[in-house]
Structures are given as structure tokens and as C-alpha cells.
Amino acid sequence: MLCDDDFVCDRRRYPSYHTLAFHVPCVPYWTWTTGCGCEQEKTVIHFVSQSNREGANDGFHEAIGELMSMCVSTPKHLYNIGLLDRLLQDNETTINFLFQKALTSISTLPFHYIQDLWRWKAFRGDYPDETMWNDEYWKLSEELVGIHPPIPRTSEDLDCPSLFHIAQDADMVRYFVRTILQFQFAESLCKAAGQEGPVYECDFGGSTKAGERLAAMLQLGASKPWPDALETLTGGRTMDTTAMRKYFEPLEKWLKATNKANGDTPGWTVKGLYKAKVDS
């Protein structure tokens, strides 16, 4: 797929489930975003080629793709494959790396959650008057995400279905599940590889043991309930945010110290009332 500056390229995978042949058109130039994105799609291909079926739930293949995209972008991995001339492991580098990762992972959790929360409420009949739909969407956005529309909206507008997934009846909660699972998977694979130290410095590339552990889960596909697949890799049967909190622990400590030094209080206001105060 050829693209120029006037054409927006997006990666796609086109599998043939009968022949296990895949085509991944990607942009012909390399950037940080396109590079990590293509690694993500390559990982999903490996997922399907291992299982020849869907994942244990919709969040699993998304989590595997994000996991690999996250792991190939660590300074240690980039150094190991020769894309960095030297490996800096100081506090500033760590905070910058974790901040960037948090903006593309943790920050998406409430956004993805409210899309399906709004849809479930609408389908359930919690909004009996359709003129309420858009107002209720922005109420959820303001309360749980801390955002409001940039311009006035009315009952004539309907903003949530402007998202591709909502309009095409594709669930968004898979991305909420993905973000939690990817850190559980990362922690387990690093342990399998015998890596010591924090997970954000782990590079399990080339580890046969980690690969075997991952393949064992992938090969299950959707043949068993997802807690069984999760247990195969992590040893646990429930989603757990502990691994995610541990991954970002240095950033969390830095943010608390910085907020305190600047006199900032986390949270936001909803229609003039302070909302969503968190432990600072």
C-alpha cells in the first residue's frame, strides 16, 4: 500500500482462515507509531496462526498486540536490537518512558469504558426519551473522563455513534479489558524469561520459556473459558490491576510528589461540583 503525505494510511491485516495466509499492508516509511503498530498487527497474526480461531475473549488478542508493541519500544529492547547507541537507565529516562506509556494505556481506560456503558444503558432502556441520549453521553464523559464537548450540543446531536466501533456494533470494552491484561501478561512473561528487576525494563525477546508459555495460552483460542486461558499464562483466573499499578509505580510516586510541590490537586469539577478526588 503506497501512501503520500496527503493520504492517511492505516495498518490492516487480511487473514485467510483456510490457508493461514496473511497480508499486512503497512506504510512504506518508518516512524515510531507505524513501527509499533505493525509489530502489534504481526503479533495478532501469530495469535491466529497458533490457534486458528478467535481468542478466549475479545480483549485477549488486543492485549497480546499491545503487549508486544509496548515491549518492543522499551529502551532496553531498542538497545539490544541496535536501534539505540547507548542505554540510559536514569530516573529522567524512566519517568519519560512511563509517562508516554501511561498516556497511551491508562488514560484510555475510562474513555473505552463509557462508550459501552452508554450503549448498554441505551439498549436497556435507561434513557426512555431518545432526546436524552446525547446529554447522557456527555454526562458520563464529564463525570468519568473529565471532558466536556468543545462546542454546545443539543438533542439533535448524537456524538457517541460517531465512533466507528459504536456505529458498527463492535464492542469497546475489549480495549478496557486489553489494557489490564497486557500488564498481567507482561509480568508473567518476564518471570518466565527469568528477568529480574522492574517489568518496564524487561526484554523477554529470544526467551524460549516465555515463548512456550505464551504459545500454550494462544493455542487454546476460544476452546476454553477465558479464565482457563488466563490461568495458563499468569497462574491466576481473574483480571487484576496489581501488575499495572506496579509497572507505573515510579511514575505514580513522581506524579504525587510533583502535584504536592506544585500545589495541584488531582480531579476535576462536574457542573461546579468537585468530582473524582483521588488519593494524592
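The values are calculated or read from the model by the stated rules, or taken from the named source; none is laboratory data. If you're wondering where the values come from, they're calculated on a predicted model, not measured in any experiment. No Cβ is skipped: glycine too gets one built from the backbone with ideal geometry, and neighbour counts run over all protein chains shown.
Quick check: is even one residue across the stretch 149-159 part of a helix (DSSP H, G or I) and under 28 Å from ASN57 (Cα atoms)?
Pass one, the stretch 149-159, residues part of a helix (DSSP H, G or I): none.
No - not one qualifying residue is present in the stretch 149-159.
Which residues, counting only those in the stretch 188-204, are surrounded by fewer than 21 Cβ atoms within 10 Å (Cβ to Cβ) and either among the aromatic types (Phe, Trp, Tyr) or touching a helix residue (DSSP H, G or I) at 6+ places or on another chain (Cβ under 6 Å) (or both)? Quick ask: steps written out before the conclusion?
Going through the stretch 188-204, the residues surrounded by fewer than 21 Cβ atoms within 10 Å (Cβ to Cβ) turn out to be 191-198, 201, 203.
Matches in the stretch 188-204: ALA192, ALA193, GLU201, ASP203.
If you go through the stretch 225-249 one residue at a time, how many are in a helix (DSSP H, G or I) and in contact with a Leu (Cβ under 6 Å, 6 or more places away or on another chain)?
Initially, the stretch 225-249 is screened for residues in a helix (DSSP H, G or I), giving 226-234, 242-247, 249.
Adding the requirement that they be in contact with a Leu (Cβ under 6 Å, 6 or more places away or on another chain) leaves 229.
Qualifying residue count for the region: 1.
Could you check how many residues of the stretch 122-142 are closer than 26 Å to VAL177 by Cα and surrounded by fewer than 16 Cβ atoms within 10 Å (Cβ to Cβ)?
Residues meeting the conditions: 4.
Can you tell me which residues in the stretch 103-126 are in contact (Cβ under 8 Å) with a residue 12 or more places away in the chain, within 23 Å of TRP254 (Cβ to Cβ) and in a helix (DSSP H, G or I)?
The answer is ILE106, THR108, LEU109, PRO110.
Given the residues ASP135, ASP203, ASP129, ASP157, which is the only one that is over 19 Å from GLY55 (Cβ atoms), modelled with pLDDT under 90 and not assigned by TED's automatic domain parsing to the domain that holds MET70?
Numbers: ASP135 fails: modelled with pLDDT under 90; ASP203 fails: not assigned by TED's automatic domain parsing to the domain that holds MET70; ASP157 fails: modelled with pLDDT under 90.
Result: ASP129 is the single residue among ASP135, ASP203, ASP129, ASP157 that is over 19 Å from GLY55 (Cβ atoms), modelled with pLDDT under 90 and not assigned by TED's automatic domain parsing to the domain that holds MET70.
Checking SER73 against (1) closer than 30 Å to GLY55 by Cα; (2) of a type in the set (Ser, Thr, Tyr); (3) modelled with pLDDT under 95; (4) outside any loop (DSSP other than H, G, I, E, B), only one condition comes out false. Which one?
Single failed check for SER73: (4).
In the stretch 47-58, which residue that is in a helix (DSSP H, G or I) and out of contact with any Leu (no Cβ under 6 Å at 6 or more places or on another chain) is modelled with the lowest pLDDT? Even if it seems obvious, please write down each step before you answer.
Taking the stretch 47-58 and keeping what is in a helix (DSSP H, G or I), we get 47-51, 58.
If we keep only those that are out of contact with any Leu (no Cβ under 6 Å at 6 or more places or on another chain) too, we end up with 48, 58.
On the way: VAL48: 54, ASP58: 88.
Here the answer is VAL48.
Being among the basic types (Lys, Arg), modelled with pLDDT of 85 or more and not in a loop (DSSP other than H, G, I, E, B) is the filter here, so list the residues in the stretch 76-102 that pass it.
Keep residues of the stretch 76-102 that are among the basic types (Lys, Arg), which gives 76, 86, 101.
Among the residues that remain, those that are also modelled with pLDDT of 85 or more are: 86, 101.
The answer is LYS101, and nothing else.
Looking at the structure I just gave you, is ALA222 among the hydrophobic types (A, V, I, L, M, F, W, C), in contact with an Asp or Glu (Cβ under 7 Å, 6 or more places away or on another chain) and not in a helix (DSSP H, G or I)?
Details: among the hydrophobic types (A, V, I, L, M, F, W, C): yes; in contact with an Asp or Glu (Cβ under 7 Å, 6 or more places away or on another chain): yes; not in a helix (DSSP H, G or I): yes.
Yes.
Please specify each residue of the stretch 176-198 satisfying the condition of being within 16 Å of the chain's Cα centre (by Cα) and within 20 Å of LEU98 (Cβ to Cβ).
Taking the stretch 176-198 and keeping what is within 16 Å of the chain's Cα centre (by Cα), we get 176-187.
Listed by number, the residues that qualify are ARG178, THR179, ILE180, LEU181, GLN182, PHE183, GLN184, PHE185, ALA186, GLU187.
Could you figure out which of (1) polar (S, T, N, Q); (2) in a helix (DSSP H, G or I); (3) over 22 Å from LEU230 (Cβ atoms) isn't true of GLN184?
(3)
What tally of residues in the stretch 82-100 results from selecting those that are in contact (Cβ under 8 Å) with a residue 24 or more places away in the chain and either hydrophobic (A, V, I, L, M, F, W, C) or surrounded by fewer than 18 Cβ atoms within 10 Å (Cβ to Cβ) (or both)? Walk me through it before giving the result.
From the stretch 82-100, those in contact (Cβ under 8 Å) with a residue 24 or more places away in the chain are 89, 91, 94-95, 97-99; that's our starting set.
Those left that are additionally either hydrophobic (A, V, I, L, M, F, W, C) or surrounded by fewer than 18 Cβ atoms within 10 Å (Cβ to Cβ) (or both): 89, 91, 95, 97-99.
Residues that pass the stated criteria total 6.
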